1. Just a yes or no: is a residue in the range 25-40 over 16 Å from the mean Cα position of the chain (by Cα) and hydrophobic (A, V, I, L, M, F, W, C)?
2. Yes or no: the range 21-34 includes at least one residue that is among the polar types (S, T, N, Q) and assigned to a helix (DSSP H, G or I).
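FYI, it's all coordinate maths here, none of it is from the lab. Remember, it's a predicted structure, so these values are computed and weren't measured experimentally.
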Amino acid sequence: MVTSEYAMGIVAAVAFAVVLYKVVNSGPVSTALRNIVQQALDGRM
């Protein structure tokens, strides 16, 4: 029983990671993150 629960937890974590990866790599989010990093590197926070 514990092993199956552990496996389901891993599957859920991987699914969440895939969704998060797709969101972060989408156009608007990627552009916003790039702008934030660029501003931080330029010292214009």
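1. Scanning the range 25-40 turns up at least one residue that is over 16 Å from the mean Cα position of the chain (by Cα) and hydrophobic (A, V, I, L, M, F, W, C).
2. Yes, there is a match, as at least one residue in the range 21-34 is among the polar types (S, T, N, Q) and assigned to a helix (DSSP H, G or I).
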